[in-house]
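The values are calculated or read from the model by the stated rules, or taken from the named source; none is laboratory data. Here the structure is a predicted model, which is why all the values come from computation and not from measurement. Counting neighbours? That spans all protein chains shown, and the Cβs are built from the backbone with ideal geometry, glycine included.
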Amino acid sequence: MPIDWFTVVAQALNFLVLVWLMKRFLYQPVLDAIAAREKGIREERADADAVKVQAGKDREEFQRKNEAFDRDRAELWTKATDEAKAERQKLVDAARMDADALATKRREALAAQSETLNRELGRLAQKEVFAVARKALADLANADLEEQMVLIFATRLRTMEGPAKQAFAFALRSAAQPALVQSSFDLAQAGRDKICLALNETFSAAIPVRFETSPSLVSGVEISSDGQKMTWNISEYLGDLEKDVQDLLQVKTA
Amino acid sequence: MRLSPDQWIFWQHGFAKINATLAFTWGLIFVLSLGSKLLTRKLSSTAERSSWQNLLEILVLGIQKQIEEVGLENSHKYLGFLGTLFLFVATSSLCTILPGFEPPTASLSTTVALALCVFVAVPFFGIEDRGLGGYLKSYLEPSAIMLPFNLISELSRTLALAVRLFGNMMSGGMIVAILLTITPFFFPLVMTALGLLTGMVQAYIFSILAAVYIASAIHAQTPEPNSAPAP
């Protein structure tokens, strides 16, 4: 089998050309593609590792924030609960104080109303008593109320005795001013004479007397001299009536 | 009957000629180059890639892995030479199924040319890796007495490479041709299939032996493997 050396040389050259062409068109592009893909995979893995590390950090940060949030929430809850309790206590105290004040005001209003009622009752009673007494006296004895008052006052002067009479007599004698007789109505001259007569007879002396009308006296007659005073008026009866009414009101409001 | 495609001459002028060996070699070069160019035109560098790209990557990485298993660490450096050896021989064998195709490797001229390329490549890579002194010193190992034996070994293994490949490829073609004249139906088909297998084995043997020779030239202490595959 002869060897064709021209063909040998040509085939060697052909093979070398084929080596160059294969490196140029096959091996290098394929290896480059593989290297690029491996590089991409390495970068992706590096990125994934970085993302994983970052995710771990984020998770730790989230847990830390979560714990801090829970802690703050618990503190705020405790604080809010305490504040609510304090506020509730404050409101309850204020409400209690308001209730007490209202009750006090109510009691005061009730007392004031009671007092007003008493006064009105006294006024009405006085008016009615006078009216009744006046009518009764007029019907039964044909007597005037003022006249009866003067008679009763004179009778009280005459029946005065003991230390009270002595003290009054001393005051009348030592007084520089005339004795003052006040009445809630204008005394008629007959009434004035009866009082003067009763004074003169009781104290056995001519007692100088000065007469005045005082509306503040409640339906009565009063004599005063040098600090000594003797009175008859209807307020004594009214005082008893008032006392009875107050007792009655206290029983009703209790 | 032609024993070699060298005898099928298309054109001749003096000693220069264009025979079937050269013509089919050029055809193979054209097909391999154009096919590579077309297949690597749209390579993807992402995870999504075509089946052709997967095939190319399997092929290239498979050759690279075989080179590394022989002991050549920097496989990228030897991929061009050894990979092309494998692809050229394997493609020549595969194309024998085409009617009228004469494998260039069935020519002793071609196998001698390839063996000479290996013969040159071994000292080239050895000197490149170890330097001229280091490489020449390997002929004196394990002792200076071994120098003539090493030289004879160098020449004989080159001759063995050439003749082994030529014998196998030529015999396959010859057997098919003879069987065609005797039993034209069944046996030629079987022998063609067997020839394809033999051709792939020969491509593997040729390229792996070249890799072993280069590896032995690079690693001085590495003995030439006795278990190298042989037909």
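Residues being in contact with an Asp or Glu (Cβ under 7 Å, 6 or more places away or on another chain) and part of a loop (DSSP other than H, G, I, E, B): count how many of those fall in segment A:189-215. Walk me through it before giving the result.
Going through segment A:189-215, the residues in contact with an Asp or Glu (Cβ under 7 Å, 6 or more places away or on another chain) turn out to be A:191, A:213.
Among the residues that remain, those that are also part of a loop (DSSP other than H, G, I, E, B) are: none.
Qualifying residue count for the region: 0.
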Legend entry - Tally of residues being at the interface with another protein chain (Cβ under 7 Å from one of its Cβ atoms), β-branched (Val, Ile, Thr) and either in contact with a His (Cβ under 7 Å, 6 or more places away or on another chain) or in a helix (DSSP H, G or I) (or both) across segment A:1-18: 3
Inset, instruction - Look at B:Ser171 and say whether it is among the polar types (S, T, N, Q) and at pLDDT 85 or above. - result: no
Legend entry - Candidate set: segment A:10-39, residues that are at pLDDT below 95 and β-branched (Val, Ile, Thr); chosen: the one surrounded by the most Cβ atoms within 10 Å (Cβ to Cβ): A:Val30
Legend entry - Subset of segment B:186-231 [at pLDDT below 75, within 25 Å of B:Thr91 (Cβ to Cβ) and not hydrophobic (A, V, I, L, M, F, W, C)]: B:Pro188, B:Pro229, B:Pro231
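Here's the yes/no breakdown for (1) more than 7 Å from chain A (Cβ to nearest Cβ); (2) loosely packed, with under 15 Cβ neighbours inside 10 Å; (3) not in a helix (DSSP H, G or I):
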residue: B:Leu34; (1), (2), (3): yes, yes, no
residue: B:Leu56; (1), (2), (3): no, no, no
residue: B:Ile67; (1), (2), (3): yes, no, no
residue: B:Gly83; (1), (2), (3): no, no, no
residue: B:Thr91; (1), (2), (3): yes, no, no
residue: B:Gly100; (1), (2), (3): yes, yes, yes
residue: B:Thr111; (1), (2), (3): yes, no, no
Inset, instruction - Would you check which residues across segment B:7-32 are more than 25 Å from the chain's Cα centre (by Cα) and either in contact (Cβ under 8 Å) with a residue 24 or more places away in the chain or more than 9 Å from every other protein chain (Cβ to nearest Cβ) (or both) and list them? - result: B:Phe10, B:Trp11, B:Gln12, B:His13, B:Gly14
Inset, instruction - State all residues of segment A:19-49 that are within 8 Å of chain B (Cβ to nearest Cβ) and among the small types (Gly, Ala, Ser); if no residue qualifies, say none. - result: A:Ala33, A:Ala36, A:Gly40
